[in-house]
Amino acid sequence: MAGLTNRQAEIFQFILQYLDEHGSVPDYPEIMERFSFKHANSVYQYFDAFVRKNFLEKVGRGEFKLHSTKHHLLDDNLFSGGGIPIRGRITAGELNPVVEEDLGTIPITVASKQSSKIFGLQVDGISMTGVGIDDRDYILVEDRSFLQNGEIGLIRYNGESTLKTIWQKEDHILLEAHNKEAQNIIISPGEFEEVTVIGKYVGKAQKEIDGWHLFLKA
């Protein structure tokens, strides 16, 4: 989420979910319990950052509301409290078929308006390490059939798939890798019809000692 650190974005997503379900911003004790903070001052620092960055407005002692410029975020949230299904594995490197298998669920609890559009995949390969997508990472993909130039997505070409940044020009399509050890894929105009967008990369999730953590692409 643009303007926030990864940890701030994770906490703010929880605030959005709570606001969507209860109609109010959660108080300090609820944030402390959800994220296992030992001291209220830790929560205060996050709320102070949300106010300074115009994500929340302070309306009283320990009371906050969503900033007037951020109401659209309640409608734009993509993730579900029911968890995100991990549908298989995707190569970040050479073209290969997506390995479809049930790898379980990422139990992320955040607000949702379009949760059915999000699914997870485990990455196999190192071609995208330059943009923070590492081998064995769990990535989050929004199911869609188009990408803007410069966006990262899951792309099928000649029946095989890869995770790359797409650049569409008049005389070629470039599927860009982000690792000097990996090769870009260049597609000529005669093969444009063989290119299909499966989804857009929107973030990743990592499992740590204290549970899963969400890292959204700004």
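The values are calculated or read from the model by the stated rules, or taken from the named source; none is laboratory data. All figures in this text were calculated on a predicted structure; none of them were measured in a lab. Neighbour counts are summed over all protein chains in view; Cβ atoms, including those assigned to glycine, are modelled from backbone coordinates with ideal geometry.
Please go through the stretch 20-34 and give me each residue that is buried (at least 16 other Cβ atoms within 10 Å of the Cβ) and either touching a Lys or Arg at 6+ places or on another chain (Cβ under 9 Å) or farther than 20 Å from Leu73 by Cβ (or both), ordered by number.
If the condition is that a residue be buried (at least 16 other Cβ atoms within 10 Å of the Cβ) and either touching a Lys or Arg at 6+ places or on another chain (Cβ under 9 Å) or farther than 20 Å from Leu73 by Cβ (or both), then Asp20, Val25, Pro26, Tyr28, Met32 are the ones that fit.
Looking only at strands (runs of 3 or more DSSP E) that fall completely inside the stretch 106-218, which ones have 2 or more residues that are at pLDDT 90 or above? Talk me through it step by step, then tell me what you get.
Numbers: elements: 118-124, 138-143, 152-157, 160-168, 173-176, 185-187, 195-208, 211-216.
The strands (runs of 3 or more DSSP E) meeting that bar are 118-124, 138-143, 152-157, 160-168, 173-176, 185-187, 195-208.
For the stretch 133-150, name all the residues that are free of Cβ contacts under 8 Å to residues at least 24 places away in the same chain and closer than 20 Å to Glu94 by Cα. Lay out the reasoning, then the answer.
The first filter runs over the stretch 133-150 and keeps only residues free of Cβ contacts under 8 Å to residues at least 24 places away in the same chain, leaving 134, 136, 148-150.
If the condition is that a residue be free of Cβ contacts under 8 Å to residues at least 24 places away in the same chain and closer than 20 Å to Glu94 by Cα, then Asp134, Arg136, Gly150 are the ones that fit.
So for the stretch 57-73 (the condition being modelled with pLDDT under 75, surrounded by 13 or more Cβ atoms within 10 Å (Cβ to Cβ) and not aromatic (Phe, Trp, Tyr)), does at least one residue qualify? First the steps, then the outcome.
From the stretch 57-73, those modelled with pLDDT under 75 are 72-73; that's our starting set.
From what's left, surrounded by 13 or more Cβ atoms within 10 Å (Cβ to Cβ): 73.
Now drop any that are not not aromatic (Phe, Trp, Tyr), which leaves 73.
There is at least one residue in the stretch 57-73 that is modelled with pLDDT under 75, surrounded by 13 or more Cβ atoms within 10 Å (Cβ to Cβ) and not aromatic (Phe, Trp, Tyr).
Where the second residue is surrounded by 15 or more Cβ atoms within 10 Å (Cβ to Cβ) and outside any helix (DSSP H, G or I) and the first is in contact (Cβ under 8 Å) with a residue 24 or more places away in the chain and lies in the stretch 42-62, which pairs have Cβ atoms under 6 Å and are six or more apart or on separate chains?
As it stands, the answer is Phe50/Leu56; Phe55/His67; Leu56/Phe64; Leu56/His67, since those pairs meet every condition given.
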